[in-house]
Amino acid sequence: MTGSQHSSAASLLPDAATLERRKTQVKAWFETLRDDICAAFEALEDAAPASLYPDRPGRFARTPWSRTDHTGADGGGGVMAIMKGRLFEKVGVHVSTVFGEFAPEFRKEIPGAETDPRFWASGVSLIAHMQSPHVPAVHMNTRYVVTSKAWFGGGADLTPVLARRRTQEDPDTRSFHAAMKAACDAHASVASYKKYKTWCDEYFYLKHRGEMRGIGGIFYDWHDSGNWDADFAFTQDVGHAFLRVYPDLVQRNFSAPWSEAEREEQLIRRGRYVEFNLLYDRGTVFGLRTGGNVDSILSSMPPIAMWP
């Protein structure tokens with residue numbers, strides 16, 4: 001994050017009744033988006049050609065979980081939805097709504113928590129690792145966070161696993177960027193595509209390797225324009241855009257056969273994914289430091305990876 005991005009941290013809270021209404025709205029939306037994505041992914045499992053994917057189509061298994069905060073008080077929880085299928089080697093689509101108090105050592109890192117450690121956060125997060133090296137891996141999450149301030153965050157990014165597909169000219173790359181740009185441009189008064197695309201490129205970067213994790217997308221945090229309804233509509237459209245574009249990219253690519261060399265390249269690229277999530281990802285750190293469900297937080301890890 002840059003200084004200018006951090007300076008956009010959210011404004012103070014509305015009255016209690018308005019805040020509770022907003023919390024209810026966003027929680028319901030994240031759960032609806034989760035359901036729509038799971039249905040779309042299960043349909044893709046059914047549609048994958050049996051010649052390449054001979055096993056039975058997978059289905060999501062949902063597992064509720066709960067947490068306590070660092071004081072031992074009830075801290076909410078969520079539902080993990082994991083599918084290990086024939087097309088989706090491993091995909092998680094999770095929702096959570098957590099609350100409580102930040103631990104003292106974490107408070108200074110979160111806007112609005114320095115003087116009041118109480119927080120509430122709800123969101124949806126997904127990561128898909130595919131059987132076929134021709135189908136890109138993908139990550140998407142959107143969230144709403146409340147401390148003594150409140151804001152939206154999230155985004156989506158695409159990770160092709162074959163070097164020849166990891167270009168800005170690739171058709172998949174162009175389609176994915178176009179979808180994210182459309183989501184921002186539809187809300188141009190509150191969302192800057194140029195800013196959020198650049199932020200994604202800077203954030204999903206493996207400094208120790210000097211390379212991007214994937215081909216980019218959008219990333220935003222501390223998003224509060226002062227117009228809550230517009231900010232929520234933008235966040236919803238990020239989810240809508242993802243739900244339109246990614247299943248289409250899967251269908252474009254899932255019928256192409258692959259070689260052992262391409263599978264090995266895929267597994268090595270997955271190793272880079274592991275490195276990023278463990279070394280740099282703020283969401284992983286946030287979840288672990290707030291007592292989140294470890295299985296859910298680390299479900300973003302691929303089922304098989306390789307380091308040459």
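One table, with the values for the structure above:
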item	result
Residues of segment 162-203 satisfying the condition of being part of a helix (DSSP H, G or I) and among the hydroxyl-bearing types (Ser, Thr, Tyr)	Thr173, Ser175, Tyr193, Tyr196, Thr198, Tyr203
Conditions (1) more than 26 Å from Gly271 (Cβ to Cβ); (2) touching a Phe, Trp or Tyr at 6+ places or on another chain (Cβ under 6 Å); (3) surrounded by fewer than 21 Cβ atoms within 10 Å (Cβ to Cβ); number of the one not met by Met212	(1)
Filter result for the condition that a residue is over 27 Å from Val145 (Cα atoms) and of a type in the set (D, E, K, R), over Glu275, Glu262	Glu262
Segment 64-91 residues that are over 16 Å from Cys38 (Cβ atoms), paired with ones that are open to solvent by less than 20 Å² (accessible area, probe 1.4 Å) and of a type in the set (D, E, K, R) (beta carbon under 6 Å, 6 or more apart)	Gly75/Arg67; Gly75/Asp69; Gly77/Arg67
Qualifying residues in segment 112-146 (those that are assigned to a loop (DSSP other than H, G, I, E, B) and open to solvent by 10 Å² or more (accessible area, probe 1.4 Å)) - the one farthest from Arg67 (Cα to Cα)	His134
Qualifying helices (runs of 4 or more DSSP H) (wholly inside segment 225-308; at least 2 residues being modelled with pLDDT of 95 or more and touching a helix residue (DSSP H, G or I) at 6+ places or on another chain (Cβ under 6 Å))	228-253
Residues satisfying the stated conditions in segment 76-100, i.e. open to solvent by 10 Å² or more (accessible area, probe 1.4 Å) and either more than 19 Å from Arg143 (Cα to Cα) or of a type in the set (S, T, N, Q) (or both)	Ile82, Lys84, Gly85, Arg86, Glu89, Lys90, Ser96, Thr97
In segment 286-297, the residues that are closer than 25 Å to Glu202 by Cβ, open to solvent by 60 Å² or more (accessible area, probe 1.4 Å) and not basic (Lys, Arg)	Leu288
Single unsatisfied condition, Phe219 versus (1) hydrophobic (A, V, I, L, M, F, W, C); (2) open to solvent by less than 20 Å² (accessible area, probe 1.4 Å); (3) over 26 Å from Thr32 (Cβ atoms)	(3)
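The values are calculated or read from the model by the stated rules, or taken from the named source; none is laboratory data. All figures in this text were calculated on a predicted structure; none of them were measured in a lab. Note that each Cβ is placed from the backbone with ideal geometry, even for glycine, and that neighbours are counted across all protein chains shown. Side chains included, ligands, DNA and RNA excluded: accessible areas come from the protein's heavy atoms. Shrake-Rupley method; radii C 1.70, N 1.55, O 1.52, S 1.80 Å.
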